[in-house]
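Here the structure is laid out as structure tokens; the discussion comes afterwards.
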Amino acid sequence: MKLSSFILRRLILLVFVLFGVAVLVFLLTRAAPGIDPIFAYVTPNTPSSAYPVIREQHHLNDPLYVQIWYWFWDVLHGDLGYSPSAGMPVSMAAAIFFPATAELTIAATIISLSVAIPLGILSALKSNKWQDHATRLFVMTSSSMAVFWLGLMLQFVFFYLLRVNGLPSLPPAGRISPDVLVSQSITHYTGLNVLDSVLNGNLPYLVDSLSHLVLPATTLALVSMGLTARIMRSSMLEVLGQDYITMARGKGLPERVVIYKHAFKNAMLPTTTVVGLSFASLLSGAVLTEKIFAWNGMGSWAANAALANDTVGIIGFTLVTATIFVCVNLVVDIVYAILDPRISY
């Protein structure tokens, strides 16, 4: 099967997966006891006298199979209900909060891969030597630390201690400093502060956005890089023991060519799966990190919705998360074919 045909088939299957998730979400919205579905379509300022009209408009008095048809129709038109915790419709909340989480996830993934993959390769090449032991100790320590504790420690060291000693410090929270927000005006094209500042050619906004990104992105990267480095080490050790690697070395090829041209791409296959799942998990909202660093993204929205018993917001977040996971899984399968042309779908 050609890759294009595989992608088309997966896109079709993606529709069925999302349909199944949507049905479960609908049942949680309408069939769960104690949840009145009308609260998905009203705001705190909606008068109670308007409730009968709203019930009739959204067919909430009809049988369940009729309701699901009209609910799907609303979802396809971007109407996922009103999230009281966000103070806006769910679709609008997702559009506002998602870019912040995407920016944080991309930065954390870049940091994680830049450290984890070289460490995994080094650990495999220096197996059972001091470099291997030091690398394994580092990744085990980083992956064992609780994300909330690590975030607070980074704030304590790189903001509080540096500031009290009169040294330059990193911002402890937020996406942009208030004074920069007031003094520097940019046009937001994507919602990603770093990218938008580049597109606007605004250097002060770019520098401030990057400085706010360092601590939360590093927190997520340190926690997630341990698994990636361990998988990379294991994959490299397995690949380095293959016959074609022995033959490449026997032909007198430079070690650098053997490692990075022959072994690296094959070793990246299992690592790609881990990176894809990690990226999807982070992209769906790193709740604790976003709360600690006051990063107004999907994770913060989900946490606020849970604390406020905002079922509509939680269900909307669930739909967005499911979409992210199925899309990332598709991308991972495509990357497989790019890394290893022998893979046939």
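The values are calculated or read from the model by the stated rules, or taken from the named source; none is laboratory data. The model shown is predicted, which means the values in this text are computed figures rather than measured ones. Virtual Cβ from ideal backbone geometry, glycine too; neighbours counted across all protein chains shown. Surface areas here come from the heavy atoms of the whole protein model, side chains and all, with no ligands, DNA or RNA. Shrake-Rupley method; radii C 1.70, N 1.55, O 1.52, S 1.80 Å.
Inside the range 150-207, residues that are of a type in the set (D, E) and surrounded by fewer than 17 Cβ atoms within 10 Å (Cβ to Cβ) make up a count of 1. From the list L222, L210, L282, the lone residue that is part of a helix (DSSP H, G or I), more than 30 Å from L28 (Cα to Cα) and either in contact with a Lys or Arg (Cβ under 8 Å, 6 or more places away or on another chain) or open to solvent by less than 40 Å² (accessible area, probe 1.4 Å) (or both) is L222. Here A124 fulfils each of the conditions (1) open to solvent by less than 40 Å² (accessible area, probe 1.4 Å); (2) within 21 Å of G299 (Cβ to Cβ) apart from (2). Taking every residue in the range 59-88 that is within 18 Å of A308 (Cα to Cα) and pairing it with any residue that is of a type in the set (D, E) and modelled with pLDDT under 80, at least 6 positions away or on another chain, the pairs with Cβ-Cβ distances below 6 Å are S83/D310; P84/D310; S85/D310. Of all residues assigned to the range 169-181, none qualifies as being over 23 Å from A286 (Cα atoms), assigned to a loop (DSSP other than H, G, I, E, B) and at pLDDT below 85. Out of R249, R233, one residue alone is part of a helix (DSSP H, G or I), in contact with an Asp or Glu (Cβ under 9 Å, 6 or more places away or on another chain), free of Cβ contacts under 8 Å to residues at least 60 places away in the same chain and open to solvent by 30 Å² or more (accessible area, probe 1.4 Å). It is R249. Restrict the check to the range 40-60 and report whether at least one residue is assigned to a helix (DSSP H, G or I), out of contact with any strand residue (DSSP E or B) (no Cβ under 6 Å at 6 or more places or on another chain), closer than 21 Å to T321 by Cβ and modelled with pLDDT under 80. Yes, the conditions are met somewhere in the range 40-60. Residues satisfying the criterion are present in the range 183-199 (criterion: farther than 21 Å from L104 by Cα, free of Cβ contacts under 8 Å to residues at least 60 places away in the same chain and in a helix (DSSP H, G or I)).
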